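Please read the structure below before turning to the comments.
The values are calculated or read from the model by the stated rules, or taken from the named source; none is laboratory data. Model, not experiment: these values are computed from the prediction. For neighbour counting, all protein chains shown are included, and Cβ atoms are generated from backbone atoms with ideal geometry for every residue, glycine included. The accessibility values were calculated without ligands, DNA or RNA, using every heavy atom of the protein model including side chains. Shrake-Rupley method; radii C 1.70, N 1.55, O 1.52, S 1.80 Å.
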Amino acid sequence: MECTFVSVSPLSDFPIQNLPFGVYSTSGNSARVGVAIGDHVLDLSALSTLGLFAGIDGLESGYEVFSKPYLNDFMALGRPVWRAVRKQLQEFLSNDRHPVRQQVDKSLVCAELSKATMHLPAKIGDYTDFYASREHATNVGVMFRGKDNALMPNWTHLPVGYHGRASSVVVSGTPLHRPNGQRRPDASKPPVFGPSVRLDYELEMAFFVGPGNDLGSPMSLEEAEDCIFGVVLMNDWSARDIQAWEYVPLGPFLGKNFGTTVSPWVVTMDALEPFRVAQPLQDPTPLPYLSSGLGTPGGYDISLEVHIKPHEGSEYHLLTKSNLKYMYWALRQQLAHHSVSGCNMRPGDLCGTGTISGPTEDSFGSMLELSWSGQRDISLGASGVTRKFIDDNDVIRITGHCQGDGFRIGFGECVGQILPAKHI
């Protein structure tokens, strides 16, 4: 299938096989739902008025859904509607004789991405972060508890997670200030207050929940898979020193709640379907609610990279090359476990995977691991610049893609800059 409506480079993140959903605005239009294609974005509310989505069961008014400055209403409609809209868009983009193509004014339904402002894809009611990478959990455990006690006894039995702060989730390109808080650099002395000096990134992905479930009604693995709308890149920034002092006994608080950055384009599970792979062997076999009912692989082959642009220069330097396929607990397992207590998930809820580290040092998904808790310098090229953690005015960029035959399914960028702390 080839897009004939606009030109699309083979190297584009957004070919016709992708069609991710997002929320954008332009100088002439308020925020609304769009779909990325090549270097352009399609206005789905405008296409709705031309009848492109007429006749789709469950989508009574495409204009009402797509003229909103968030995707929640569309997410709530479920996979049959998501799939039908995506199919109509592919037919529109690939068929010169499509009836809507005959009446469309391209300038009214299509804008250049370079002239669009991207917004958060959804109104995020709740945000949960998991801890689903065995390599990451093991590395952190070895640092702080030793090799013999690296993984806690529950880790291989359930997807560990905690509830994060939805209000401080921001879209790519939003700068964040270094957080203030308590830390205890000397265990023999009382804690001190001030800006974090061990600020870190966490290479993650995250999924948005679709229709959700009723309070008291757990999801099966199959229901959980159908409930995942799509996936974004995520940087769950971490103040390691603040977190280390505060986390006992209830887990992360100020060390995590100051900001989480997500990419603006939500890549659908249908676009990712060709890139399913087996997830790592789970031993012991999880309990039945986490292991039975589905024969399809739970992993996805998504290549991920993290780059840093230090404030001393203008070039990015590679820090991490990892892959979602390394993740021990699958997305559907995370969501099924989240709901098994009867917790009601709602359209637009966000669930992060936790740091995605691989088996080799260059695939470690955080500076905590790369510097081994600050014990060694991370070299940033021939300039001699090094880091253990993030300095003020450094920029972190996360990218990711799946490689197909002659095309790639990309996620765009997840970019954030750390500004100096605001003193009180």
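Worth a mention:
- If you bin all the Cα-Cα distances of region 146-299 at 5 Å, starting from zero, the percentages per bin are 2, 7, 12, 16, 16, 17, 14, 9, 5, 2, 1, 0.
- Antiparallel content of DSSP bridges confined to the chain, in %, to 5: 90 percent
- Amide proton proximity set for Val170, modelled H, under 5 Å, gap of 5+: Thr260, Thr261, Val262
- Residues Lys147, Lys321 ordered from highest to lowest accessible area at a 1.4 Å probe: Lys147, Lys321.
- Applying the Karplus relation 6.51 cos²θ - 1.76 cosθ + 1.60 with θ = phi - 60° to region 348-355 yields 3J(HN,Hα) values of x, 4, 10, 10, x, 7, x, 4 Hz, where x marks Gly and Pro.
- The angle between the Cα long axis of helix 134-145 and the longest principal axis of the Cα atoms of the chain comes to about 20 degrees, rounded to the nearest 10.
- Helix-only CD estimate at 222 nm, as mean residue ellipticity for the chain, using -39500 (n - 2.57) per DSSP H run (n ≥ 4): -5000 deg cm²/dmol
- Per residue, region 202-270 exposes 31 Å² of accessible surface when a 1.4 Å probe is rolled over the protein heavy atoms with every protein chain present.
- For the chain, the fraction of alpha-carbon pairs in successive 20 Å shells from zero, as %: 26, 57, 17, 1
- Residues Asp214 and His311, FRET efficiency given R0 of 51 Å [Cβ-Cβ distance, rounded to 0.05]: 0.55
- Value of D in µm² per second that Stokes-Einstein yields for region 280-338, Kirkwood Rh from Cα pairs, at 4 °C (1.567 mPa s): 92 µm²/s
- Applying a threshold of 29 Å to the alpha-carbon distances of Lys147/Lys309; Lys123/Lys321; Lys321/Lys388; Lys115/Lys256; Lys189/Lys309 flags Lys147/Lys309; Lys123/Lys321; Lys115/Lys256; Lys189/Lys309 as lying beyond it.
- Using the empirical formula 2.2 N^0.38 Å as the baseline, the Cα radius of gyration of region 292-379 reaches a ratio of 1.41.
- Dividing the Cα radius of gyration of region 1-129 by its Kirkwood radius returns 0.94 for Rg/Rh.
- Quarter of Cα convex hull surface for region 240-342, i.e. mean projection, nm²: 10.4 nm²
- Residues of region 8-71: accessible area per residue with a 1.4 Å probe, Å²: 37 Å²
- Of the solvent-accessible surface of the chain, computed with a 1.4 Å probe over protein heavy atoms with every protein chain present, carbon and sulfur atoms account for 51 percent.
- Rounded Å value of the spacing that divides the Cα centres of region 52-70 and region 345-377: 38 Å
- Quarter of the Cα convex hull surface for region 48-195, i.e. its orientation-mean projected area (nm²): 14.8 nm²
- Computed extension gain for Val192 through Thr386, at 0.36 nm per residue and net of the alpha carbon distance, reaches 67.2 nm.
- Per the Debye formula on identical point scatterers at the alpha carbon atoms of region 349-393, with no solvent, log10 I(q)/I(0) at q = 0.17 Å⁻¹ is -0.58.
- Between Asn323 and Leu304, the built amide H atoms are under 5 Å apart, and every one of these is 5 or more places off in sequence or on another chain.
- Exposed GluC sites (Glu not before Pro) absent - longest run of the chain, DSSP non-H/G/I/E/B, at most 14 other C-beta within 10 Å: 61-311
- If R0 is 30 Å, the Cβ-Cβ spacing of His119 and Ser379 corresponds to a FRET efficiency of close to 0.25.
- Region 139-216, Cα convex hull volume normalised per residue, Å³: 208 Å³
- Region 124-184 and region 253-278 have Cα centres lying 15 Å from one another.
- Share of Cα-Cα pairs in region 1-71 lying beyond 19 Å, as whole percent: 39 percent
- Taken per residue, the accessible surface of region 283-424 reaches 41 Å², heavy atoms only and a 1.4 Å probe.
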